[in-house]
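Let me begin by presenting the structure, written as structure tokens, before commenting on it.
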Amino acid sequence: MKNRDSKTHTTGKSVYLDDIPLQHGTLFGAAFGSPVAHGNIKNLDLREAVKVPGVIKIFTAKDIRGENQIGGIVPDEPLFADHEVDFCGMPVAFVVAETDEAARVAVKKIKIEIENLPVIIDPRIARAAGELIVPPRTFALGDTAQAWKRCTHIFSGQADTNGQEHLYIETQGAYAIPQENDALKIYSSTQSPRATQAASCRVVGVPMHQVEVDVIRLGGGFGGKEDQANAWAAMCALAAHHLKKPVKYALSRIEDMAMTGKRHPYSSDFKIGLNEDLKIVAYEVTFYQNAGAAADLSPAVLERTLFHCTNTYFIPNVKAKAYSCRTHLPPNTAFRGFGGPQGMFVIEAAIDKAAAALGLDASVIQKKNLIRTGDEFPYGQKAVSEAVDCWNKAETLYDIEKIKKDISVFNASSVLYKKGVAVMPVCFGISFTNTMMNQARALVHVYTDGSISVSTGAVEMGQGVNTKIIQTAAHVFSVATDKVRVQTTSTNRIANTSPSAASATADLNCKATLMACTAIADRLKQVAADELHAPVESISFKDEFIFSDNIKTEVNWKKIVMMAFMKRVSLSEHAHYVTPEIHYDKLKEKGHPFAYHVFGTAITIVTVDCLRGVYEFDAVKIVHDFGASMNLAIDRGQIEGGLVQGIGWMTMEEIIYDASGRLRSNALSTYKVPDIYAVPKEIDIDFLQTDKDNLAIFHSKAVGEPPLMYGIGAYFAIRNAIKAFNPAAVIAFDAPMTPEKTLMALYSKKSGEQVFTQPEINEASVINP
Amino acid sequence: MIRFILNDTEQHTDMPPGMLLLDYVRYHKNLTGTKIGCREGDCGACTVLIGELKNEETIYRSFTSCLTPIGNVHGKHVVTIEGLNMADLNPVQKAMSDCSATQCGFCTPGFVISLAGFCLSKKEPTYENAITAIDGNICRCTGYKSIERAAAQVADLMSGKKDSDPLQFVADNKMLPAYFAGITMRLKQLSLKLNGALINKAKNPVYVGGGTDLYVQKQEEMKYAGIQFMSAEGTHSIRTEGKRIVFDQSVTVTDLIESSLIQRSFPAFNKFAQLVSSTPIRNMATIAGNFINASPIGDFTIFFLAINATVILSDGKKSRELPLHKLYKQYKVLDRKTKEYITQIFFEPPAANTFVNFEKVSKRTHLDIASVNTAVCITIDGRAIKEARISAGGVGPIPKLLEKTNSFLQGKMLDEGLITEAIAIAQSEISPISDTRGAAVYKSFLLGQLIKAHFIELFPQMIGANLAVARR
């Protein structure tokens, strides 16, 4: 089945937040963000701004009757800065005006005096200053202190990854409409309707039953709208509640990029020990997460970094410690992979360093240490592994030996261009690591004409979850998919939703849909059994007809639905699904947090132009563990899209803050995501189809996040090509590998450990094009 | 009063001519299929087609409506996604849908429009040209592979076009709505109502060419500015006058790409142009605008500096000639009076022993601003350099002609040692700064590499690839 939305998408009829028809009298908001990263507010002067024609009111912290607080995990994030600003772009005021234009003109007329305080943008400096969001966490397996003695080879080093802007093409936004009796309806571009509802209620000071959050769809989310959609909704809610008028705010791209957090940059130290057989015996790692100015989802992201610190390898002795460091950047947040990619980059860097020192190809070490079924992860869960199968299949299907041979032949004869190859195996755990969040509900109605309505807590943002929900319902009732409609995601229909995140949205919401549909189907079967005087076990649905003992009867779908209605049998069901088996003890840092793991292996081949320092990806060849895919087209799209997003993170996507904490890569002209020419010329995807029993919906494993981490192979492929050009090249493990870093590495010199680092950009040196 | 045809209906509006087409269609006409992604021409979500009468036929080009003032569509046909919709999905939409080339869907109308632009263009309907048509559209979901598959299907559908008129072909094959067949006639009728170009009453008007930079830098101010639309005041022709190749201020990058005269003069021109912005921006941006914008990294400024172009500046009464390299005095400070604007640009085409190359490196190879760009125009006799003109951008406050380097090279014998020496001189006459496009030390080194690239590209027999291997 194709994506249900493809028809409205291609005709421009799909409705996103900014397309919702406006109610008469709608007002427009715009936020004023702090111009500096850290300081005390001495004076906020709104006098000129309120004089702008059309301005109705400017809201600040003083106007909040509820609580000036939107922090989800930790209550450390005011909606509006009150006395202190903690990051550049931190909202201080919200202008509401009759037109969008007037609101933005007024924002520019707001004056603020701030007494500057020291700015920290480096997580290691924050850690040294004791600026931690939450206490550090440590995962341990075996005993590393003892294990080092058994290692023949020990290597240590540092690895850094930069952040990543989500760059959903639809910016953040919300539209709040007052209802009778002080209630509010909020349209929001949010991945997390419950969180948006809760934050808005907290700020406005009303109970949650007074506020409905309704989400039609998102023009991309990628984690960026999991917690960070809340502020705009809360501002609109506050203003709408106060003014009794509808208030809308759709952020401009510049506002969105400046005010919202991104993927967390990490700086990490590693130490790896191998025995003579190249088995990794011990691994120690310390992560310094750059959390930004408030917790947001950082503690959860930090946790997943630890969960994935050994990627897809079995290492018997592990000690991993992680610090969530408070800096003066916008609060960093969820982004596809959720800390996992940052953890995996470090172990891959450690393996690369070991391989280079031992004169080996990294894939030799990678292959020897793949996790097998029954092996224990550092957090205590035993693996049910497809790692070896994926690796071996990739090796044979794509003939890795021939790839390597062809590359060495090419490199031997080419001077200006060098090729590099890297293998990137991944393992990603599926479930929210916070066990409590692994619950979902579905509300299914069958109408008397046989059409079916499904509501869940899932938010459609391009991942195709609504299509999978339709497939699930159509499968249970054995009806055509056009008989099923998935409704918008509304907190009035489905309460207390978990965010659409953690790759688990289809699993959770399809399972709940499956339960609800099955309950209705069971009742309909009883009606049919009574009508046909047949035992209920003999009744089945097939192609919109009732079958008895696999023989088609004259009773069709519509008829059985009407019969049930006449007999006063309920045609509606609200089902509640919780992922079984999972548990986690944070005190011991042990448990079984994941329903299952997803595995895969990617081979990345790159050609580096050694004269200019630019590169092109020849191919990425993947074997991916899909389980039994329930929608090949959608799942393929997730792999291709995730991979390219990962390659972007590792290559051209470079977040640049200057020393004063101001974002310099603040627009699409200065922050580059892959375009159509930047993607690999060839992406091969092999579906490792297995029908093993697992907790996924119809055994179809989650597919949202895992492929992003294939992109890490891009970094190591470039690295290998650079070394083919200059074997003595000194290359820091510092992603992204921009053309700048590539060129400087190509011509780096052996002497000393001098590594090219980009000098800090200060304000004086910035000139517009 | 601005008049144009929007999809199937004629519009006349008193909105300010500086108002953006994007805002007009979305918020005044409620055509919400045109999306807002960045408002700086870098994502393509707001792409529309603009049809313009040229020699009795309508030529369609993709534009980013976020950088298009409505004054620039006066007398033209504007097509939004709604204007492409038929009773069922049109073949472009069907290809996108069949190939699962749409995920969140926000960028999709832009891709459909750009592919429709490919269908309506006179270019050969190859797969490569279909991809070029969508090179200004960013998708964050799909990783583009499914979009490539859809583009291949569309190219296949168009393969029967051969030499026939694209408008006729798409009408005959029911690829676009039937009303397209009548547009040329309607534009002709509309042109009679226009009274020529828009009248500008401002004393000191803002001159707008394509608007592709002005509308990035000064969007709010431009809405109510007194604008003189330069694109309406010249032709799109590139012609020979005596020894010179001459064109007007209204000539766009696409006009150059499609000019056989330019192709003959610079056989690799289209390869260079591919490195510059994207199809819609190339469709909109004028060369004159690129010069006047005076960006230190303006790609075409760098190219035309090397080939020694001259501009003719006029204040409406008097005009004067000025070699391009004399236009730039300091950062964004020009030898130009307030009322002066470029009316024409000319240059002499390269002689048989003159060679031209253009190099550019940016974070993303396509649709990005250069970290460093450089062009060379070199005349040789055997190994003897008769004249060399190397220009470089991104290495100082102005687009720079490397005069010291060039005079050093003049009369010398070309070999690898000479290039190494020339690079040292070039690096001494530049003053790059560290910014988001790279550190100063990188830009300086990169310029050296790109100078090597010029010679390796142009004279592979004389300058071996080993020049590249020579370490610093």
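Quick notes on this one:
- Nonpolar atom fraction for the protein assembly as shown, defined as the carbon and sulfur part of the 1.4 Å probe accessible area, stands at 52 percent.
- The modelled label-to-label distance for the pair residue B:194/residue A:518, using points 7 Å beyond Cα in the direction of Cβ, is 6.7 nm.
- Helix-only arithmetic for the protein assembly as shown: the sum of -39500 (n - 2.57) across DSSP H runs with n ≥ 4, divided by the residue total, places the mean residue ellipticity at 222 nm at -8500 deg cm²/dmol.
- Centroid-to-centroid separation of the stretch A:588-611 and the stretch A:427-466 [C-alpha atoms, Å]: 26 Å
- Label sites at residue A:277 and residue A:138, each approximated as a point 7 angstrom past Cα along Cα to Cβ, lie 3.0 nm apart.
- The protection proxy used here, the mean number of other Cβ atoms lying within 10 Å of each residue, ranks peptides B:253-260, B:421-428 as follows, highest first: B:253-260, B:421-428.
- Interface residues in the stretch B:131-170 - accessible area drops by 10 Å² or more relative to the isolated chain, probe 1.4 Å: B:131, B:134, B:135, B:138, B:140, B:141, B:142, B:143, B:144, B:145, B:148, B:149
- Protection proxy ranking of A:627-634, B:149-156 - average other beta-carbon atoms within 10 Å, highest first: B:149-156, A:627-634
- Equivalent ellipsoid semi-axes - Cα gyration tensor, the stretch A:1-92, angstrom: 35, 21, 13
- Cα-based convex hull, the stretch A:265-333, per residue volume (Å³, whole number): 74 Å³
- Residue mean of other protein chain beta carbons inside 10 Å, A:677-688: 3
- For residue A:485, the residues whose modelled amide H falls within less than 5 Å of its own, excluding neighbours fewer than 5 places apart on the same chain, are A:452, A:453, A:454.
- Tensor-based shape of chain B (alpha-carbon gyration tensor, a/c under 1.5 rounded, otherwise prolate or oblate): prolate
- Alpha carbon centroid spacing (whole Å) that separates the stretch B:1-37 from the stretch B:395-472: 47 Å
- C-alpha center-to-center spacing [the stretch A:521-548, the stretch A:322-386] in angstrom: 51 Å
- Remark on the stretch A:702-743: accessible area falls by at least 20 square angstrom from chain-alone to full-complex state for A:725, A:739, A:740, A:743, probe 1.4 angstrom.
- Angle in degrees between helix B:108-120 and the longest Cα principal axis of chain B, rounded to the nearest 10: 80 degrees
- The Cα atoms of the protein assembly as shown define a convex hull whose projected area, averaged across directions, is 48.6 nm².
- Calculated FRET efficiency for the pair residue B:220/residue B:407, C-beta based, R₀ 35 Å, to 0.05: 0.15
- Taken about its Cα centre, chain B carries a charge dipole of roughly 820 debye when the Cβ of each Lys and Arg holds +1 and the Cβ of each Asp and Glu holds -1.
- The order of the peptides A:567-573, B:306-312, A:724-730 by mean Cβ neighbours within 10 Å, most packed first, is B:306-312, A:724-730, A:567-573.
- The stretch between residue A:23 and residue A:448 holds 149.7 nm of extra length on full extension. This uses 0.36 nm per residue minus the Cα-Cα distance.
- The string of couplings for the stretch B:286-295 from the Karplus curve (6.51, -1.76, 1.60, θ = phi - 60°) is 9, 5, 4, x, 4, 5, 5, 4, 6, 5 Hz, one whole number per residue in order, with x for Gly and Pro.
- Drop in accessible area of at least 30 Å² in the complex versus isolated chain, residues of the stretch B:206-222, 1.4 Å probe: B:217, B:220
- Whole-Hz Karplus values for the stretch A:325-335 come out as 9, 7, 10, 9, 10, x, x, 6, 8, 4, 7 Hz, taken residue by residue from phi with 6.51 cos²θ - 1.76 cosθ + 1.60 and θ = phi - 60°; glycine and proline positions read x.
- Neighbouring partner chain Cβ atoms per residue of B:105-118, average, 10 Å criterion: 5
- Counts of other chain beta carbons within 10 angstrom of each beta carbon in peptide B:441-448 average 4.
- Couplings 3J(HN,Hα) of the stretch A:451-457, computed from phi: 7, 10, 10, 10, 10, 9, x Hz, in residue order, whole Hz [Karplus 6.51 cos²θ - 1.76 cosθ + 1.60, θ = phi - 60°; x for Gly and Pro].
- Taking both sides together, the accessible area buried where B meets A is about 7200 Å² for a 1.4 Å probe.
- Surface accessible to a 1.4 Å probe, per residue, for the residues of the protein assembly as shown, Å²: 35 Å²
- Tensor-based shape of the stretch B:314-472 (alpha-carbon gyration tensor, a/c under 1.5 rounded, otherwise prolate or oblate): oblate
- Here's how it looks for residue A:211: its modeled amide H is under 5 Å from those of A:184, which are all 5 or more places away or on a different chain.
The values are calculated or read from the model by the stated rules, or taken from the named source; none is laboratory data. These numbers were taken from a predicted model, which means no experiment stands behind them. In this analysis, Cβ positions are derived from the backbone assuming ideal geometry, glycine residues included, and neighbour counts consider all displayed protein chains. The protein model used for the area step is the full one, side chains on, heavy atoms only, and it has no ligands, DNA or RNA in it. Shrake-Rupley method; radii C 1.70, N 1.55, O 1.52, S 1.80 Å.
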